[in-house]
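Please read the structure below before turning to the comments.
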Amino acid sequence: MEDANLLITLTIVAATVVIAIVFFVVFFENRKRKIKKQVNELDTEKNLIASTPVASELAKVEAIVKNDKMEEKYQYWQQRFDTIKGDRLTKIDDMIIDLDLSLNAKNYKEAKVKLAQTELELYKAKEAADHLMDEIREITISEEKYRSIIIKLKAKYRLLSKEFQDHKLDYDGVAPLIDLQFENIEKRFLDFESVMENNEYSEVVHIVKALDSMIDHMEVVIEEVPQLVLLAKQLIPKRIEDIEKIYSEMVNDDYPLDYLNIPYNMEESKKNITNIMDRIRVLNLEECMFELKTILDYLDSLFNDFEKEKLARKNYQDRVSDFDQKLKKVNKLVEDIDLQMDDIRNMYDLTDKDLENLNQVKENLKAMNKSYKEMLSMVEGKKEPYSVIMKDLEKKTILLQQLEENLDVSLKSLGSMYDDEVRAKEQLDEIQVVLKQCKIRIRSYKLPIISNNYFVQLSEANESILEIIKELEKKPIEIKVLNTRVDTARDLVLKLFNTTNDMIRTAQLAEMAIVYGNRYRSDNETIHQGLKNAEILFYKGNYHDSLKNGIRILEMMEPGIKESILDISNKMAD
């Protein structure tokens, strides 16, 4: 049994060793194949560099060499190409062979280092070859490349020249300089042909760039100069002339326009236009359009300022008279109140708030009068433009309106006191009439007894009327107290009036019920006793209970009699 276990263990160990060996063999073989593949790719890239068409391009250069400068460039390029082929690629060949040796010796670590070095060297060689190729092609394709550019530039040049010739009059005094500029462009085209003929390709790029810049500039000149000349020599001078004329007329018409500083600004505008025209004549157009449009915008704004001043003066003339009348009216009202203030104080008990409001109105009005005089002085002395004066007048109008409103509040307060006094006197008369009617009515219906409650109400009503009379006789009158006295007296008299009517009507109905029930006394003892009780209550002055008893007795003989009596009561009330 132990031998069998030992055999199994040995078998497993042997299998593990074999698997490990196979793994390492496969791993290193894969690694070798991968590196070998990379080496083959490097060799392919090296061959591609060796086969680059630099030689054929150099042959083209050799065929067009016509001067020492080109000969020098050709020799320099040839030397660089020989260096790439003879030195760099040979070195790379040696590095690849050395890499193969390391790979065959299974020195993979060293092989990876050499592989990286070879890749770096190959990259440098490729960059050198590509850069050289670009430099050579710059010459070999120069004629085709620059010929194409020149054709386009000539087409643009002809269009600009035709546009200029067709509208030459629009360019005014600038035309000769533009002609000269066109001649300079033509000379540059001739220079291009000359350097191309002599294969001086290093100069071509400078000429082409110069032509491109000159034609671009000429395109701006052809497009902008007519507009600039029109602005600088016609539109803006005409605007300045119109502004100076309008300014002179308005100043003669007493408009204060010093704040616009027109004479100085017009002179500065003329100087700026002269300066701009000098720059236009040398075709220096930078910022010219912007500056001229800025001047034009400023001049146009002056026309708006003039119109604003004219409108402001018209509005001022239309409104100042109305303002003046309102101010005089307020002054007159306040003056009248001030003259009557002692009488008002003696007549009415003014509150601190009432006096404070009146004093504030007076102070504000005083400040308003002072400010208004200052404004009129500025208008007369032409110290401020009408646009400023008009704004000031609008503010004053608002303040005056507020002052009028505050004054109205104070006047309403005083008026209310007077109205309350008049109304109190009128209501006193009305209350006394009602009280008199109550007395006449109570005397006209001779009741057996009048209750003490009625005399209490009568006394209260009389006293309340006396209180009104006392308040009206006071100086100054306390309006709030007076109103309270009037309200109290009115309520008490109305209460007495209602009590009088109610008591008389109830007594009448009670008497009516007793008289009506007399017809049943002889037939029914119960009715007789009931009516007798009603009579006793009636003569004691208890009319309500008397009526109640009388109706109850009558209901026994005539059911529904209560409604008839109530109808009679309602008709009496009406």
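The values are calculated or read from the model by the stated rules, or taken from the named source; none is laboratory data. None of these values were measured; they are calculated from a predicted model. So basically every Cβ, Gly included, is an ideal-geometry build from the backbone, and we count neighbours across all protein chains shown.
Assorted remarks:
- Any chance GLU183 is in a helix (DSSP H, G or I) and modelled with pLDDT under 85: no
- Some residue of the range 226-241 being among the charged types (D, E, K, R), free of Cβ contacts under 8 Å to residues at least 40 places away in the same chain, within 30 Å of GLN317 (Cβ to Cβ) and surrounded by fewer than 15 Cβ atoms within 10 Å (Cβ to Cβ): yes
- Test for ASN284: is it assigned to a helix (DSSP H, G or I) and either free of Cβ contacts under 8 Å to residues at least 60 places away in the same chain or of a type in the set (Gly, Ala, Ser) (or both): no
- ILE280 being out of contact with any strand residue (DSSP E or B) (no Cβ under 9 Å at 6 or more places or on another chain), at pLDDT below 85, within 30 Å of GLN181 (Cα to Cα) and buried (at least 16 other Cβ atoms within 10 Å of the Cβ): yes
- Residue in the range 309-320 that is surrounded by 12 or more Cβ atoms within 10 Å (Cβ to Cβ), out of contact with any Phe, Trp or Tyr (no Cβ under 9 Å at 6 or more places or on another chain), more than 30 Å from LYS162 (Cβ to Cβ) and touching a residue at least 60 places away in the same chain (Cβ under 8 Å) present: yes
- Comparison of GLU223, GLU244, GLU219 shows that the only residue that is within 29 Å of ARG313 (Cβ to Cβ), in a helix (DSSP H, G or I) and either more than 40 Å from the chain's Cα centre (by Cα) or of a type in the set (Asp, Glu) (or both) is GLU244.
- Some residue of the range 453-468 being modelled with pLDDT under 75 and surrounded by 14 or more Cβ atoms within 10 Å (Cβ to Cβ): yes
- With respect to being at pLDDT 75 or above, of a type outside the set (D, E, K, R) and not assigned by TED's automatic domain parsing to the domain that holds LEU211, ALA116 fits the description.
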